[in-house]
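Below you'll find the structure, written out as structure tokens, and then a few comments.
The values are calculated or read from the model by the stated rules, or taken from the named source; none is laboratory data. Quick caveat: nothing in here was measured; it's all calculated off a predicted structure. In this analysis, Cβ positions are derived from the backbone assuming ideal geometry, glycine residues included, and neighbour counts consider all displayed protein chains.
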Amino acid sequence: MELFESALRLSTPLVFAALGGVLSERSGVVNIALEAMLLGGAFAAMAVASGTGHPWAGIGAAALCGLLLGLLHALLVLRLRVDAIISGVGLNLLAMGLTTFLLRSLFSRGGVGVQVQGPGAWVPALKGAPLIGTLLGGGTPFVPLAMLAVVGVWFVLQHTRPGLQLRAVGEAPAAARAAGVSVERTRMLWVALGGALAGLGGAYLCLEAAGRFTENLSAGKGYLALAAVIIGRWHPGWSALAVLGFSLGEALQIRLQGGSAALPSELLSALPYLLGLLALTGFLGRVRPPAALGRE
């Protein structure tokens, strides 16, 4: 039970980032800039929450930062015709360098930002209750928010007109144009909204997981979220389950490191990423991406 609860908490930022990846890639835009959106969102959350004293202001700033990074990625890819991989790598490097510079110059010379506190529990009475407390917000509201986001993204994709347009531009953009849908505008909108979701994942990393911002706080979690999107076949529910599987691996390695396992700590730390690589090699079968992914 404790292992599963730990996995739920560890999966929360990855779920937000994976949902952002689903929205972006289902619209046809390859997005490896999820790492930048997580890192930028984490820094924005720290900067605004520490400056205002209100964690929800920091969460809003994280979503806004992720949205702007998503919009920048969309502009580079769709308007300036920059290769999506190059744009994503460039944004990841920009986020890492810029947040490190701002952290050292404005907040701390030691590479560690000021301490910040996350939002309070939704249901304080459930704090400490096994599993149900975590699921219903007895500890942090981020966990139930992530679950609601999964259901919300699935509902929008499958049961709304904007979701139908999103799937259309990702599968058959020519047909979508013929039906009067602006492919470029639709893709920009959903890549930006996906960035906002990834930014929320960054807010969790800073406000809840670490309690402060440190250099390279995301530590490759954006790439792991993208692997979950692929393994989950670009479906919000399956992607969230893939994230949970990775997080179970991470929770297990934390448990093993704290025990008497005679295994190198470096190997245990790499366990979630090794699981991701194993799945991407085809262990779970072949996957079919959206037909127009990476195409005009």
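Of the residues contained in region 115-130, none is found to be out of contact with any Gly (no Cβ under 9 Å at 6 or more places or on another chain), outside any loop (DSSP other than H, G, I, E, B) and either basic (Lys, Arg) or touching a residue at least 60 places away in the same chain (Cβ under 8 Å) (or both).
Scan region 77-93 and give yes if some residue there is touching a Phe, Trp or Tyr at 6+ places or on another chain (Cβ under 7 Å) and of a type in the set (Lys, Arg), otherwise no. Checked region 77-93: no residue is touching a Phe, Trp or Tyr at 6+ places or on another chain (Cβ under 7 Å) and of a type in the set (Lys, Arg). Total residues in region 137-148 satisfying the condition of being over 14 Å from Ala209 (Cβ atoms), out of contact with any Phe, Trp or Tyr (no Cβ under 7 Å at 6 or more places or on another chain) and in a loop (DSSP other than H, G, I, E, B): the figure is 1.
Taking region 54-86 only, how many residues are under 20 Å from Gly201 (Cβ atoms) and assigned to a helix (DSSP H, G or I)?
As a first pass, look at region 54-86 and keep what is under 20 Å from Gly201 (Cβ atoms): 54-74.
Add one more test, that the residue is assigned to a helix (DSSP H, G or I), and what stays is 55-74.
Number satisfying all stated conditions: 20.
Criterion applied to Leu69, Leu76 was being without any contact (Cβ under 8 Å) to a residue 40 or more places away in the chain, under 16 Å from Val30 (Cβ atoms), crowded, with 19+ Cβ neighbours inside 10 Å and not aromatic (Phe, Trp, Tyr), and the one residue passing it is Leu76.
Restricting to region 225-239, give me the number of residues that are part of a helix (DSSP H, G or I) and over 9 Å from the mean Cα position of the chain (by Cα). Outline the logic, then answer.
Step one: of region 225-239, the residues part of a helix (DSSP H, G or I) are 225-231, 236-239.
Subset that is over 9 Å from the mean Cα position of the chain (by Cα): 227-231, 236-239.
Result for region 225-239: 9.
As an exercise: evaluate Trp154 against (1) farther than 30 Å from Gly53 by Cα; (2) surrounded by 15 or more Cβ atoms within 10 Å (Cβ to Cβ); (3) of a type outside the set (A, V, I, L, M); (4) at pLDDT below 95 and give the number of the one condition it does not meet. It is condition (4) that Trp154 fails.
Being under 23 Å from Thr100 (Cβ atoms), hydrophobic (A, V, I, L, M, F, W, C) and at pLDDT 95 or above is the filter here; which residues of region 15-41 pass it? So that I can check it myself, show each step before the final result.
From region 15-41, those under 23 Å from Thr100 (Cβ atoms) are 16-17, 20, 31-41; that's our starting set.
Of the ones still in play, those that are also hydrophobic (A, V, I, L, M, F, W, C) are 16-17, 32-34, 36-39.
Across region 15-41, the qualifying residues are Phe16, Ala17, Ala33, Leu34, Ala36, Met37, Leu38, Leu39.
Would it be correct to say that Ser247 is polar (S, T, N, Q), exposed (fewer than 14 other Cβ atoms within 10 Å of the Cβ), on the phi < 0 side of the Ramachandran plot and modelled with pLDDT under 90? The answer is no for Ser247.
Do we have Gly170 as in contact with a Lys or Arg (Cβ under 8 Å, 6 or more places away or on another chain), modelled with pLDDT of 90 or more and small (Gly, Ala, Ser) here? So Gly170 fits the description; yes.
Which one of Ser239, Ser182, Ser247 is of a type in the set (Gly, Ala, Ser) and free of Cβ contacts under 8 Å to residues at least 24 places away in the same chain?
Values: Ser239 fails: free of Cβ contacts under 8 Å to residues at least 24 places away in the same chain; Ser247 fails: free of Cβ contacts under 8 Å to residues at least 24 places away in the same chain.
Within the list Ser239, Ser182, Ser247, the selection yields Ser182.
Rundown of residues vs (1) under 21 Å from the mean Cα position of the chain (by Cα); (2) in a helix (DSSP H, G or I); (3) modelled with pLDDT under 95, yes/no style:
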| position | (1), (2), (3) |
| --- | --- |
| Val181 | no, no, yes |
| Ala192 | yes, yes, no |
| Gly195 | yes, yes, no |
| Gly199 | yes, yes, no |
| Gly202 | yes, yes, no |
| Leu217 | yes, no, yes |
| Gly222 | yes, yes, yes |
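Counting only residues that are under 26 Å from Gly120 (Cα atoms) and surrounded by fewer than 24 Cβ atoms within 10 Å (Cβ to Cβ), region 25-53 holds 5 of them.
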